Amino acid sequence: MVCRNVLKIIALCSLCALAAAGCGGKKQAQTGSIVDFPREKTMYLGGDQWGEPNTFNPLCDWPAWPIHGKTDLLYEPLMVFNSLTGEMEPLLAHSLEKTPEVISVVLDSRARWSDGVALTAEDVVFSYNIGKNYKNAPMNYGAVVDFISDVTVEKTPDSLTGGKTQAEKIHFVVNKKGRNNPLIVLDQLQAVRILPKHIIEPMLQKLGGDFTAFQKDKMDKDPVVSGPYNLESYSSEKIVLKRRDDYWGNAAMHGGKLPAPQYYIHPIYKSNDHFSVALQQGNLDVSMTFIPRIWMKEKDGVGTWYKKEPYFVPGCMPLMLMNFTRYPLSDKNFRRAMASAINYKEIKDLAISGYSPELKPGLIMPYGIEKKFFSEEDAQKYGAHFDTNEAKRLLREAGYKSIFDKDGNLVQMNDAKGKKVPTLLITSPAGWSDWEAMVKIAVKDMREVGIDIREGFVDASLYWQALPFGKFDLLMYKPLPEATPSKPWSQLDHIMSARNWKPEGERMNENQGRYNNPKGKNYNRAIDSLLIAIPHIRDEAELVKAYRALNIIFMQDQPALPLAYMPEQFYEFSTKHWTNFATEDNPYAPPQPPFYAGGVKMLWELKEVK
Amino acid sequence: MFKNHPTLRYILTRGSWYFLTFLVAVTINFFLPRLGPSNPVDIILAKAGGVSDNATRQKEESYLKEFGLAEVDKAGNVLRDQKDAPIRTSAVKQFGNYIFMSLKGDLGTSFMSYPKKVTEIIKNAVPWTIALQLPAILLAWIVGNVLGALAAYRRGIFDKVFFPLALGANSIPFFAFGMLLVYLFGIYWHVFPAVGGYDSGLIPTFSWGFFASVLYHYTLPFLSIFLIFTGGQAIGMRSMCIYELGTDYVKYAKWLGISEGKVLFYMFRNAMLPQLTGLALSLGVMIGGALITEMIFSYPGIGMAVLSAIQSNDYPLIQGCTLLITVSVLIANFSVDILIGFLDPRVKAGRGAR
Amino acid sequence: MKMFLNLFKSPSFLIGISLFLLTICLALFFPFFYHIDVRTMSAPMMPPSREHWLGTNHMGFDMVSLLVRGLRSSLYVGFLAGIIATTVGTLLGVYAGFKGGWQDEVITLLTNIFVVIPQFVVLILISSSMKEGRSLTLIAVIIALTSWTWSARAVRAQSSSLKSRDHIALAHVNGNGTLRIVLYQILPYLFSYVFMVFIIQTASGIISESCISMIGLGPYDSVSLGTILNDAMRNEALSDGAWWAFMPATVLISMIVFAFYVINTSMEGVFNPRLRK
């Protein structure tokens, strides 16, 4: 009896405590009184950090946000690529000059590090030569030496002071013995971050030049940076950046204005739908995650670049690589039949919520900065469109015969000699829902015309191993998702280049489908010659001709199956706390989230919602 | 000496069996991930891919050396075979290294969160897992047992209504329940927060404001575990109590006229024993459990860490986490055995008679 | 036998059994009434309508068809896991409980080892080394392998208490070997208990399968109730208010498990006289 009453009282008390805490917590969150980061001064973003932050050392291979990728908030590159205009915009350097032998820029003399030291060409030379001077440098720094053979500095009258003082002009010599490609050098200019030599070199010397030991330093306590924000704190739930009011670019490039948010916070959630819910509720201001049916969130203040379909600006092409060393994928008619069998509209509508404009054949996008290289008449003449009858005709004429059962399901396919064609598998990582949907639709469509193909979902770890070693029949892949100055050349090179051709089982970093074997009898010399020539062509008309020729070869041979267009990143924002994001009506910045490359300049234009 | 101390002998024999289990489990947990075909360094390189051949090769070598996965010659260069693939160290050799390092307290460096140390990752994740489950499990155990005992004792309408309810609650998969709670209270009626451990605008400090925010965010996850676990406990306790109520000694005691309170006390004590066992076991599995709850509510606990580790073939992290799970489960089981040895007179008598 | 007849007099047993039979009928016979089609795609995320009684999922597949397929798969996994786990657990448990001594210790060791290794570790590792990947059968086998310990423990406790009974001693005296005694003297007594254990194992097998699919480690090519829930979560069905993608699967799982639990309780009530009122 007594026990029961006591327990009843305990239960009642704990419920009251819970309720009190609940109301109290909610009220505080709303009034923002005891919150450490005032909501109206803070910008919350999501989608670029999964898992606990491991390190903030820019010389590690995969540091956490905001160091990885092209987030230029702490460390900055020399220039920034605007994916909307196709221009290289100035950041730490300006006045870009390109020749096929040398690419030059002038360093901005106003650039400063956060400890007051001036950012000079010594820092630039140091950063670009890290791969040359140290062993085991991170891959992006280590690869520079293949593209740039030498970095020289010369003094030149400073245009910013009317020639009264000297500025430093930096020459990047294209490595003729290496890749010999000025386009890739341009890529480096907007990707390689400039690091403080006066901080990092002594640290490396103390460790005897041992990079592996140096990478153990997390560099998370007040790092010396040149960008508009610096690292304030972090934990396994979020990363906090604080605005640097003495950032050199505020005075130099934005007329003395400060970026609007004082704090920039990335909460770390476990899955896409958490970010999506937060965006809907106004707890997140910007996100990069894939959010299906985003038009349903418009009433909650969620916006995208376009107000209607496709909502996002196309930037890359998810496609299926085909392994040329496996039968029957070496048969051109078979491949073209596959390309004609897929209902691309279904893929667009059902797999990616309509986030893609209409797909056209070829590897060059008929939109944006690539549009001038795209030819509609070529696409009509040489390209494969969705046409089931065409697909069936191609298969029939090549001698394939498909056997269906009485329900209309495909049983098997026989080739011209009467032998059974092996069942093909599309390798794709299990759990990547938009890719899974695309694969399932493609399989369904191809089976309907009689191609014996199945989904081959595997764990992500097996997928990453299958890719470089060619251990697949077909493979879902999204090459080169980022917008760079070397596109569309780099896309074509990545799919079609035979310069590093290796048989299945050995590692290849591009053309993993092993197309165009240089030792094979069908080797097409034109492809590699075009790929080598294009980066050096300066005449616009010549360039268009070259790209068209390459694209025609792609459409005729169909070495890969493009499925849709996807944006470089998903650029989504909430207007509950901040407005004036760049959109198609207000394109002052490219459609990139305001912490990424060209989108960073949005930070100075955002306005608080009062 | 041992002959005169049966309890000591009991503890030592049980203890040594548990230690043996521990050794076997550690060995299995080490070799199991390595049986798969995938190679963690390949995964890391592939994800970064498409840069340059030289850089990739250099990186491959440095990672293989760092993780102790490849044979190295005296100069520190990685040995390669005729096909130019690196020669791997045998799993047995890796095991030797692993044991040696662990005894020094170094559980290795995580592959996928390089260069974070495994001990650091686990240290950050465990408090979340425990904080998520411990209060809910304990409270549910208490409340569930009380309700179960009440149902057994009172029977009648309370029992007829309560029992199917508890059974029904126990049938709902707990994650579905969690998702429903999130949908109803987090999204549809915007009453509780849908994600996160505490308000994003706060830094963890020892302040009332922070604790309030934590409690506010904890409500839904707590309820999703508590309500279902209570149901399970109540059902178990109810069965045990009904069983005890029908035993001879209870009937005899009542017939003798012993006060109801005293009878109830002894009845509860006997019924409690298997429930205590269940509690200890639940606490033991706690570290490895609640993966889905962590996923739904975005709590950065051990569950999520292990899952991502397995998907990236992050051997050291997998080993570290499974080690932790092994140790906690074995300790829990061991404590249960000792507890039963002390509390259950039947076991003691049995041992003595041997 | 008389005991079994008593079962049918218990109201809770009848409720449980009817729920269970209802689910079986849904899985087996519903396709005759409703055209099951898991290949055609219509508009995604549509609410229930005349054409699609429970709406469509994120890819435009008919939810009712998916649910029926999923129900079959989940029942298959549950039963297979239940059978394997109960068999292995019972045999080991009876042997350990009956023999005692070092055999008991070794089997307890084995039990503890299996308890200690997390389920999904084993699942991923085994499935990634198999060419066909994760099928329903593989998942069922792994669930069984990681949950037989529960039945082993339960049966062991029962069997060790039976050990000291008179008829066992008589059998010993008669010179019967261990196997004969186990098969003819102990198991019949345990039969009702083992059957209840089987029911619980099956129910927990169904829940385990849905948990595994929720993590994303579900079967590659099949639909199960767990994968339906996983799809709903990944495609944010709930936050868009598409309850039909989520609720029916939950209700089905709860219903089956509830049916099993009720059957189990009523059996307990009949077989254990002390639990009767």
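Observations on the structure shown:
- Protection proxy ranking of A:297-303, A:479-485, B:146-152, B:199-205 - average other beta-carbon atoms within 10 Å, highest first: B:146-152, A:479-485, B:199-205, A:297-303
- Counting, for every residue in B:19-31, the Cβ atoms of other protein chains within 10 Å of its Cβ and taking the mean gives 3.
- When the alpha carbon gyration tensor of the protein assembly as shown is reduced to an equivalent ellipsoid, the three semi-axes, largest first, read 58, 36, 31 Å.
- log₁₀ of I(q)/I(0) at q = 0.05, 0.08, 0.09, 0.10 Å⁻¹ - chain A, Debye sum with one point per alpha carbon: -0.26, -0.65, -0.80, -0.97
- Computed from the alpha carbon atoms alone, the convex hull of the range A:93-144 holds 106 Å³ per residue.
- Our estimate of slack between residue B:31 and residue B:101, defined as 0.36 nm per intervening residue step minus the Cα-Cα distance, is 23.6 nm.
- Cβ-based charge dipole, the protein assembly as shown, positive-most Cα from B:311, B:165, A:202: B:165
- Legend: helices of chain A (whole DSSP H runs) are marked when their alpha-carbon atoms reach 24 angstrom or more along the helix axis and their mean Kyte-Doolittle hydropathy is at least 0.0; marked are A:2-31, A:540-557.
- Extension gain for residue B:16 to residue B:85 (0.36 nm times residue separation, less C-alpha to C-alpha distance): 20.4 nm.
- The ratio of the alpha-carbon radius of gyration of the range A:322-442 to the globular-protein estimate 2.2 N^0.38 Å is 1.20.
- Dividing the alpha-carbon radius of gyration of the range A:501-610 by the rule-of-thumb value 2.2 N^0.38 Å gives 1.63.
- Each peptide in A:520-526, B:175-181, B:255-261 receives the mean, over its residues, of other Cβ atoms within 10 Å, and ordering these scores from highest gives B:175-181, A:520-526, B:255-261.
- Estimated vicinal HN-Hα couplings, Hz - the range A:584-592 in sequence order (Karplus 6.51, -1.76, 1.60; Gly, Pro = x): 5, 7, 9, x, 7, 9, x, x, 10
- Helical mean residue ellipticity (222 nm; -39500 (n - 2.57) per DSSP H run of 4+; nearest 500) of chain A: -8500 deg cm²/dmol
- For residue A:89, the amide hydrogen comes within under 5 Å of the amide hydrogens of A:80, A:81, A:82, counting only partners 5 or more places away or on other chains and with H modelled in the peptide plane.
- Computed E for residue B:23/residue C:137 - FRET, C-beta separation, R0 25 angstrom, nearest 0.05: 0.15
- Simple label model, 7 Å out from Cα along Cβ direction - residue B:5 to residue B:123, nm: 3.6 nm
- Relative contact order for chain A, counting Cα pairs under 8 Å that sit 6 or more residues apart, in percent: 17 percent
- Viscosity 1.567 mPa s, 4 °C: Kirkwood-radius Stokes-Einstein D of the range C:85-271 over Cα pairs, µm²/s: 70 µm²/s
- Shielding by partners for peptide B:233-243, expressed as the average number of C-beta atoms from other protein chains within 10 Å of each residue's C-beta, is 2.
- Quotient of the Cα radius of gyration of the range A:375-482 and 2.2 N^0.38 Å, N being its number of residues: 1.23.
- For residue A:102, distant residues with modelled amide H under 5 Å away: A:174
- Approximate spin-label separation residue A:608-residue B:327, in nm, with each point projected 7 Å along Cα-to-Cβ: 4.8 nm
- Under 19 Å from the residue A:41 label point (7 Å along Cα→beta-carbon), backbone N, the range A:555-579: A:577-579
- Cα long-axis angle, helix C:11-33 against chain C (0 to 90 degrees, to the nearest 10): 40 degrees
- For the range C:85-271, the dipole from Cβ point charges (+1 on Lys and Arg, -1 on Asp and Glu) about the Cα centre works out to 640 debye, to the nearest 20.
- The range A:77-229 - Kirkwood radius from inverse mean 1/r over Cα pairs (Å): 16.3 Å
- Our helix-only sum for chain B, with -39,500 (n - 2.57) per DSSP H run of n ≥ 4 divided by its residues, gives a mean residue ellipticity at 222 nm of -24500 deg cm²/dmol.
- Taking all pairs of distinct alpha-carbon atoms in the range A:38-132, Kirkwood radius in angstrom: 16.0 Å
- Distance between the range C:8-30 and the range A:109-150 - C-alpha centres, whole angstrom: 73 Å
- Taking amide hydrogens as placed 1.01 Å from N in the peptide plane, the amide H of residue A:454 sits under 5 Å from those of A:424, A:425, A:426, each at least 5 positions away in sequence or on another chain.
- Using the Cβ-Cβ distance between residue A:166 and residue A:101 with R0 set to 41 Å, the FRET efficiency from 1/(1 + (r/R0)^6) comes to roughly 0.95.
- Over the range B:227-275, Cα pairs under 8 Å with separation of 6+ residues give a relative contact order of 48 percent.
- When the Cα atoms of chain B are aligned to their principal axes, the ranges along those axes come out at 89, 66, 38 Å in descending order.
- The base-10 log of I(q)/I(0) for the range B:145-202, evaluated at q = 0.20 Å⁻¹, reads -0.80 [Debye formula, identical scatterers on Cα atoms, solvent excluded].
- Take each residue in B:190-197, count the other chain C-beta atoms within 10 Å of its C-beta, and the mean is 6.
- Measuring nothing but how far apart in sequence close Cα pairs (under 8 Å, 6+ apart) lie, relative to its length, the range B:179-262 scores a relative contact order of 20 percent.
- Here the spin labels are modelled as points 7 Å beyond Cα on the Cα-Cβ line, and at residue A:251 and residue A:299 they lie 5.1 nm apart.
- Net +/- balance of residues flanking residue A:121 in space, Cβ distance below 12 Å, scoring K and R +1, D and E -1: -2
- With the cut-off at under 12 Å, measuring from each backbone N in the range A:443-469 to a point 7 Å along the Cα-to-Cβ line of residue A:325 picks out A:468-469.
- Kirkwood Rh in Å, taken over the range A:476-537 so that all alpha-carbon pairs contribute: 12.5 Å
- Multiplying the residue separation of residue A:541 and residue A:420 by 0.36 nm and removing their Cα-Cα distance gives an extension gain of 38.7 nm.
- Centre separation in Å (Cα based) which lies between the range B:164-234 and the range A:361-387: 52 Å
- Percentage of interatomic Cα-Cα distances in the range B:84-167 larger than 15 Å: 76 percent
- Spatially, the range A:577-610 and the range A:264-290 are offset by 17 Å when compared through their Cα centroids.
- Residue pairs exceeding 18 angstrom between C-alpha atoms, taken from B:65/B:123; A:41/A:610; A:98/A:545; A:576/A:601; A:440/B:47; A:169/A:601: B:65/B:123; A:98/A:545; A:576/A:601; A:440/B:47; A:169/A:601.
FYI, it's all coordinate maths here, none of it is from the lab. Here the structure is a predicted model, which means the values were calculated and not measured. Please note: Cβ atoms are built from the backbone with ideal geometry, for glycine as well, and neighbour counts cover all protein chains shown.
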